[in-house]
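A.B. asks: Attaching a single structure in structure tokens format; questions to follow.
The values are calculated or read from the model by the stated rules, or taken from the named source; none is laboratory data. These numbers come from a predicted model, not from an experiment. Because the Cβ atoms are built from the backbone with ideal geometry, glycine has one as well, and the counts that use them run over all protein chains shown.
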Amino acid sequence: MGAAKRIRMLSRATLLLALAVNAPAQHTRRVHEPSIPPSCSRLTPQSAAFDENRPDTARIQEALDHCAAGHAVELKSGTFLSGPLSLRQGVTLLVDSGAVLLASRNPRDYDLKPGSCGIVNKEGHGCQALIGANHVSGAGVMGDGVIDGRGGATLIGQHVSWWDLAQEAKVKNENQSCPRLMQIDNSDDFTLYRITLKNSPNFHVSYSGGNGFTAWGVTIDAPKTSRNTDGIDPSSATNVTITNSFIRAGDDNVAIKAGSTGPSTHITVAHNHFYSGHGMSIGSETDGGASAVRVTDLSIDGADNGIRIKSNSSRGGLVRDVVYSDVCIRDTKNPIMMDTHYSFRGTATNKLPHFRDITLDNVRILSPGIITLDGLDATHPLELTFNGLTVDQPQATKVTAHYANIEIGGAGSTLRPSGTGVNLIYAAGKETTNRCDGKFIPFPSRNSNGADQ
């Protein structure tokens, strides 16, 4: 079955479920499956043969600039090449089935200042994103086509790729300047729908400071070896919905961040499939506070991490009111990781992480791994509820726990952690196990032209 067809079937099958997660704990809005707006202009490739020396940046940007709100600039079937593009108020970039938008390999196209992109230094952050939006509401990127960041391709004028720079930065303990595929800042009601995003040089989607973000039927694909290629990162954001999507990456599949710019709250991640990557994460920035997060109907298959909350005393804060329900995890090194001592460069020591009111409800771990339950100290303990937590191979699973108050709910838990400062509270009930029937499905594939296989 093709990717687009599978996504459409999932969308129809789970529409009522998705609408059901509009409770105040998750949203202060109603979420419906998006619709594609009418086109204001339709662009075709400049020639049948792709030409690396003939970018489409200017004509795509001109079409976006002159498109009326509520309409879309449509890229028809074929290959397009572009440097940074800026979305406009209420305007959608529509990438048709069979259309591929390739990111330029020229670092100079992305410079924030001369020579700042495509280098490794202490500062980093020297690049524009391929697709940006700043203080525009109602914009979006849609369609059954592909946007390819070409993170593994050799850069023009250099002998390395974007991902090589990321690895060099890791070795040198510095920062790479590589463009994100999408950087959406302070832009309310932004929509991603049915689009495939792949091979970003850095994060695929960063959504920062806005109210209202929907990713529905999105496919994100990057190799597990591609450093810092997060899937979707809501940061200091409100009313976020990520649903019916497939994500495999070289870093966090989804990472909810809440730094100094403010809290992240009312976030729902529902009916998704994650593959390689660093899991369903909150953090590491939590000093702004993260709350009212619901993760439901999720499979995690072959990742480094599964359910993960991470921070430390240089960027920590309160994470509360987080529920993971109906989650199935297999072949994952760290199926549960609650880490208040996350390794990250930072100088502050007074931003203390505190994770409380965290519930794992109807969660099953099918393969052995390492479970970390790490509260900061006796004053800032980890506060968890296990209600229907099943670990299929407990004897082969390593568990470390410190400073944690854990309630075993009525649906039970096969996990009984112990350690310094660990307290268990039991509730009467009958143990249940998530069957995980049909949870694990193959990652959807597309051919080089973006069509379904």
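A.B. asks: Conditions first: (1) under 19 Å from residue 284 (Cβ atoms); (2) out of contact with any Pro (no Cβ under 9 Å at 6 or more places or on another chain); (3) buried (at least 18 other Cβ atoms within 10 Å of the Cβ). Residue 377 passes all but one, so which condition is the exception?
C.D. replies: For residue 377, the exception is condition (3).
A.B. asks: Only strands (runs of 3 or more DSSP E) wholly contained in the range 251-310 count here; list those with 3 or more residues that are surrounded by fewer than 22 Cβ atoms within 10 Å (Cβ to Cβ).
C.D. replies: Those strands (runs of 3 or more DSSP E) span 290-301.
A.B. asks: Related question: Can you find, within the range 127-163, the residue that is farthest from residue 90 (Cα to Cα) among those that are more than 22 Å from the chain's Cα centre (by Cα) and surrounded by fewer than 19 Cβ atoms within 10 Å (Cβ to Cβ)?
C.D. replies: So the residue we want is 159.
A.B. asks: I'm checking my understanding of the structure. Among residues of the range 187-233 that are in a strand (DSSP E or B) and of a type in the set (A, V, I, L, M), which one is surrounded by the fewest Cβ atoms within 10 Å (Cβ to Cβ)?
C.D. replies: If we take residues in the range 187-233 being in a strand (DSSP E or B) and of a type in the set (A, V, I, L, M), then 192 is surrounded by the fewest Cβ atoms within 10 Å (Cβ to Cβ).
A.B. asks: Counting only residues that are modelled with pLDDT of 95 or more and of a type in the set (Val, Ile, Thr), give me the strands (runs of 3 or more DSSP E) lying completely in the range 376-453 with at least 3 of them.
C.D. replies: 382-391
A.B. asks: State the number of residues belonging to the range 234-250 that are aliphatic (A, V, I, L, M) and part of a loop (DSSP other than H, G, I, E, B).
C.D. replies: 2
A.B. asks: Can you pull out the residues in the range 311-363 that are of a type in the set (D, E, K, R), outside any strand (DSSP E or B) and under 29 Å from residue 431 (Cβ atoms)?
C.D. replies: 331, 333
A.B. asks: Then there's this: How many residues, within the range 137-149, are in contact with a Leu (Cβ under 6 Å, 6 or more places away or on another chain) and in a loop (DSSP other than H, G, I, E, B)?
C.D. replies: Residues in the range 137-149 being in contact with a Leu (Cβ under 6 Å, 6 or more places away or on another chain) and in a loop (DSSP other than H, G, I, E, B): 3 in total.
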